[in-house]
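Chemist: Sending over a structure as structure tokens; questions will come in a sec.
The values are calculated or read from the model by the stated rules, or taken from the named source; none is laboratory data. As the structure is a computational prediction, the values presented were derived from the model and not from experiment. No Cβ is skipped: glycine too gets one built from the backbone with ideal geometry, and neighbour counts run over all protein chains shown.
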């Protein structure tokens, strides 16, 4: 073998070695990015579940005695089209009935489960309990129910973007 053949062989081995190292480094960076993204999504899931325990009762609870404040609290916990629809529902349907019948409804979240999470949006299955009284029904009536709830992160807070009874 000539010296040129040996040098060319070493260059090929060295080039192959550099390519393997570069591929391993790229794979490591991609794996690290995926791990960080998975951790962030896990954190979003957890914080959305916690937020739903406060937000859903705000949206679904009201009293004829404090109705204006309850409507403000409910719409303050909502966003987008859902906020507009909630405002209309509360003022056009709930307010007249609650006022005329002295309705008080208190909602509480009993369980939550994440259905889907993507970026700033998390969809949850929420199991809840609603306790209602009225002029005609002074004894509390407890109604278990469930809802599909979409939360949207707006800065450092979550807001209800949709709520569909199931």
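Chemist: Out of all the residues in the stretch 125-147, which are under 16 Å from residue 102 (Cβ atoms) and touching a helix residue (DSSP H, G or I) at 6+ places or on another chain (Cβ under 7 Å)?
Modeler: 134, 135, 136
Chemist: For a quick check of your reading of the model, give me the residue pairs whose first member lies in the stretch 58-80 and is without any contact (Cβ under 8 Å) to a residue 24 or more places away in the chain, whose second is surrounded by 17 or more Cβ atoms within 10 Å (Cβ to Cβ) and outside any helix (DSSP H, G or I), with beta-carbon atoms closer than 6 Å and at least 6 apart or on different chains.
Modeler: Qualifying pairs under 6 Å: 58/77; 70/62.
Chemist: Which of (1) under 21 Å from residue 70 (Cα atoms); (2) surrounded by 12 or more Cβ atoms within 10 Å (Cβ to Cβ); (3) touching a strand residue (DSSP E or B) at 6+ places or on another chain (Cβ under 9 Å) is the odd one out, the single condition residue 101 does not satisfy?
Modeler: (3)
Chemist: For the stretch 140-161, enumerate the residues that are outside any strand (DSSP E or B) and farther than 18 Å from residue 57 by Cα.
Modeler: Of everything in the stretch 140-161, those that are outside any strand (DSSP E or B) and farther than 18 Å from residue 57 by Cα turn out to be 155, 156.
Chemist: Another question, then. Which is out of contact with any helix residue (DSSP H, G or I) (no Cβ under 7 Å at 6 or more places or on another chain), in contact (Cβ under 8 Å) with a residue 24 or more places away in the chain and closer than 22 Å to residue 75 by Cβ, of 150, 164?
Modeler: The match here is 150.
Chemist: For the stretch 13-28, state whether one or more residues are touching a strand residue (DSSP E or B) at 6+ places or on another chain (Cβ under 7 Å), modelled with pLDDT of 65 or more and either surrounded by 15 or more Cβ atoms within 10 Å (Cβ to Cβ) or over 24 Å from residue 129 (Cβ atoms) (or both).
Modeler: Looking through the stretch 13-28, none of the residues is touching a strand residue (DSSP E or B) at 6+ places or on another chain (Cβ under 7 Å), modelled with pLDDT of 65 or more and either surrounded by 15 or more Cβ atoms within 10 Å (Cβ to Cβ) or over 24 Å from residue 129 (Cβ atoms) (or both).
Chemist: Conditions first: (1) in a strand (DSSP E or B); (2) within 24 Å of residue 65 (Cβ to Cβ). Residue 137 passes all but one, so which condition is the exception?
Modeler: (1)
Chemist: Select, from 132, 118, 108, the only residue that is at pLDDT below 95 and more than 17 Å from residue 164 (Cβ to Cβ).
Modeler: Every option except 118 fails the conditions.
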